[in-house]
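Participant: Sharing a structure below in structure tokens format, with a few things to ask.
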Amino acid sequence: MTEPKTPEVAATRAPAKKHARDGKPNATIYDIAKVAGVNPSTVSRALTKPGRVSAKTQKLIEDAAAELNYQVNPFARALPTGRTNTFGLIVADITNPTFFDIIRGAETTATLRDYTLVLAESAESAVTELTAARRMMATVDGLILASPRMNDDDIRRLARDKPVVVINREVDGVPCVVPDVNKGISEAVRSLAANGHTKVAFVAGPPQSWMSARRWDGVQAACEWSRLEAVRLESTKPTVDGGRQVARDVRASGATAVLTYNDLLAIGLMQELQAAGMVVPDQISIVGFDDIFGADFTTPPLTTVRSPLGKCGAGAATLLLDLLHGAGEPAATLRVETELVLRGSSGRLLPAG
């Protein structure tokens, strides 16, 4: 008995469909072509390069795609174009409010320019950060590093592969967005000097933080100009808990005013000193840095040096996308100003008694 012949598969047969999580097959360009009554190649042109088909055909295809809930696969699109229309953003600590506005600024710019933002964090670890960066670079068009902890050479190696922009750090040969801390710090130190303070403590951030070093440089220079004594104190971590832990060192230093690496340290420090019976600002003035969301929720509200964090995120995304589209400078540096925001945690030092 002769076996029945298996029909030959047509060369133009549509590929097998993948299924969405709800069990329904994902729509393909072949489905759209069938609904719109056009060839699959026409659908491909309309979806990837609008303007190459007539307005009437474009509308037919867009309506069919909407009816079928068609979703573009960015990685499939990247095969012919080399672009996924995504870029990565790695932050040092995703729980730190300092990064909230940076993320929002970058996301807003991404949306305006038809890109998708992919987010990761390093948890303050240079090793974790480099691993995340290498993984992201395999799938995104470019990368933003916010307050990176890895060394300059690793950043430059990443930038040789795809465009990279850095926030809160200067790296030779790599585009950067850097707040100019000197203006805000100078305003803060002059205010403290005018209120009778003679010794200022700076509570530093992580040892690997480039920005912490720049802020300490700024505090030293401003204190020298105002003829104040400056002392540096180390923190265990740039968090509220880290601020609480450094309170004993602050009291032992003899300083009557404190500038901290960030607002979280300032908030924790204030809480611990108040719990020990010190009155803020009558006995000690505290100034934070960044003006994060919630900085004015403390009692008294926190005086701080404001960094335009949203502008940093938006500026970095703009630099990156301009580079991707051939319009940016390979080593541009965008500087943004800081300013003092006076609230209740700093003021005139009252005489003891």
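Participant: Mind checking which residues of the range 90-135 are over 17 Å from ASP154 (Cβ atoms), in a loop (DSSP other than H, G, I, E, B), open to solvent by 30 Å² or more (accessible area, probe 1.4 Å) and hydroxyl-bearing (Ser, Thr, Tyr)?
Facilitator: Within the range 90-135, THR95 is the sole residue that qualifies.
Participant: How many residues are closer than 17 Å to MET211 by Cβ and hydroxyl-bearing (Ser, Thr, Tyr) if we restrict to the range 126-154?
Facilitator: Initially, the range 126-154 is screened for residues closer than 17 Å to MET211 by Cβ, giving 126, 129, 144-152.
Next cut, hydroxyl-bearing (Ser, Thr, Tyr) only: 147.
Of the residues in that region, 1 qualify.
Participant: Okay, moving on. In the range 261-285, what residues are part of a loop (DSSP other than H, G, I, E, B), under 19 Å from ALA204 (Cβ atoms) and not hydrophobic (A, V, I, L, M, F, W, C)? It would help to see each step written out before you state the result.
Facilitator: Within the range 261-285, the first condition is being part of a loop (DSSP other than H, G, I, E, B), and the residues that meet it are 261-262, 276-284.
Still in the list and also under 19 Å from ALA204 (Cβ atoms): 261-262, 284.
Correct list: TYR261, ASN262.
Participant: Every residue in the range 307-336 that is of a type in the set (A, V, I, L, M, F, W, C) and more than 16 Å from the chain's Cα centre (by Cα), please. Full working, then the answer.
Facilitator: First, pick out the residues of the range 307-336 that are of a type in the set (A, V, I, L, M, F, W, C): 309, 312, 314, 316-317, 319-321, 323-324, 327, 331-332, 334, 336.
Matches in the range 307-336: LEU323, LEU324, ALA327, ALA331, ALA332.
Participant: For the range 41-77, how many residues meet the condition of being more than 14 Å from ILE29 (Cβ to Cβ), at pLDDT below 85 and either within 34 Å of the chain's Cα centre (by Cα) or surrounded by 13 or more Cβ atoms within 10 Å (Cβ to Cβ) (or both)?
Facilitator: Selection size over the range 41-77: 3.
Participant: Step by step: first the residues of the range 337-352, then only those that are aliphatic (A, V, I, L, M) and open to solvent by 100 Å² or more (accessible area, probe 1.4 Å), then the one that is nearest to the chain's Cα centre (by Cα). Which residue is that?
Facilitator: Step one: list which residues in the range 337-352 are aliphatic (A, V, I, L, M), which gives 340-342, 349-350, 352.
If we keep only those that are open to solvent by 100 Å² or more (accessible area, probe 1.4 Å) too, we end up with 342, 352.
On the way: LEU342: 26, ALA352: 44 Å.
Looking at the filtered set, the residue picked out is LEU342.
Participant: Residues of the range 138-170 being more than 19 Å from ILE103 (Cβ to Cβ), in contact with a helix residue (DSSP H, G or I) (Cβ under 8 Å, 6 or more places away or on another chain) and free of Cβ contacts under 8 Å to residues at least 60 places away in the same chain, which ones?
Facilitator: Answer for the range 138-170, where residues must be more than 19 Å from ILE103 (Cβ to Cβ), in contact with a helix residue (DSSP H, G or I) (Cβ under 8 Å, 6 or more places away or on another chain) and free of Cβ contacts under 8 Å to residues at least 60 places away in the same chain: MET150, ASN151, ASP154, LEU158, ASP161, LYS162.
Participant: Which of the strands (runs of 3 or more DSSP E) contained wholly in the range 286-353 include at least 1 residues that are free of Cβ contacts under 8 Å to residues at least 40 places away in the same chain, touching a Ser or Thr at 6+ places or on another chain (Cβ under 6 Å) and within 26 Å of TRP216 (Cα to Cα)? So that I can check it myself, show each step before the final result.
Facilitator: On the way: elements: 303-306, 333-337, 339-341.
It comes to none.
Participant: Is it the case that GLY294 is within 30 Å of ILE103 (Cα to Cα), within 23 Å of the chain's Cα centre (by Cα) and crowded, with 16+ Cβ neighbours inside 10 Å? Reasoning before the result, please.
Facilitator: Details: within 30 Å of ILE103 (Cα to Cα): yes; within 23 Å of the chain's Cα centre (by Cα): yes; crowded, with 16+ Cβ neighbours inside 10 Å: no.
Spelling it out, it is not the case that GLY294 is within 30 Å of ILE103 (Cα to Cα), within 23 Å of the chain's Cα centre (by Cα) and crowded, with 16+ Cβ neighbours inside 10 Å.
Participant: Another one. Counting just the residues of the range 260-277 that are out of contact with any Lys or Arg (no Cβ under 8 Å at 6 or more places or on another chain) and in contact (Cβ under 8 Å) with a residue 12 or more places away in the chain, which one comes out nearest to LYS199 (Cα to Cα)?
Facilitator: Of all residues in the range 260-277, those out of contact with any Lys or Arg (no Cβ under 8 Å at 6 or more places or on another chain) come to 260, 262-267, 270, 274-275, 277.
From what's left, in contact (Cβ under 8 Å) with a residue 12 or more places away in the chain: 260, 262-267, 270.
On the way: THR260: 14, ASN262: 19, ASP263: 20, LEU264: 22, LEU265: 19, ALA266: 17, ILE267: 20, MET270: 18 Å.
For the range 260-277, the residue satisfying everything is THR260.
Participant: Looking only at residues that are closer than 25 Å to VAL336 by Cβ and over 22 Å from the mean Cα position of the chain (by Cα) in the range 281-291, which one is surrounded by the most Cβ atoms within 10 Å (Cβ to Cβ)?
Facilitator: Our first condition is that a residue be closer than 25 Å to VAL336 by Cβ; within the range 281-291, this holds for 286-291.
After this cut, where a residue has to be over 22 Å from the mean Cα position of the chain (by Cα) as well, the list is 286-287.
Working: ILE286: 27, VAL287: 31.
For the range 281-291, the residue satisfying everything is VAL287.
Participant: Does the range 191-214 hold any residues that are aromatic (Phe, Trp, Tyr) and either open to solvent by 10 Å² or more (accessible area, probe 1.4 Å) or farther than 10 Å from VAL258 by Cβ (or both), and which are they?
Facilitator: Filtering the range 191-214 for residues aromatic (Phe, Trp, Tyr) gives 202, 210.
Within the range 191-214, just TRP210 meets the criteria.
Participant: Exactly one of (1) open to solvent by 20 Å² or more (accessible area, probe 1.4 Å); (2) touching a residue at least 12 places away in the same chain (Cβ under 8 Å) is unmet by ARG248. Its number?
Facilitator: (2)
The values are calculated or read from the model by the stated rules, or taken from the named source; none is laboratory data. Since the structure is predicted, the reported quantities are computational estimates derived from the model, not experimental observations. For neighbour counting, all protein chains shown are included, and Cβ atoms are generated from backbone atoms with ideal geometry for every residue, glycine included. Ligands, DNA and RNA are stripped out before the accessible areas are found, and what is left, the full protein with its side chains, is counted by its heavy atoms. Shrake-Rupley method; radii C 1.70, N 1.55, O 1.52, S 1.80 Å.
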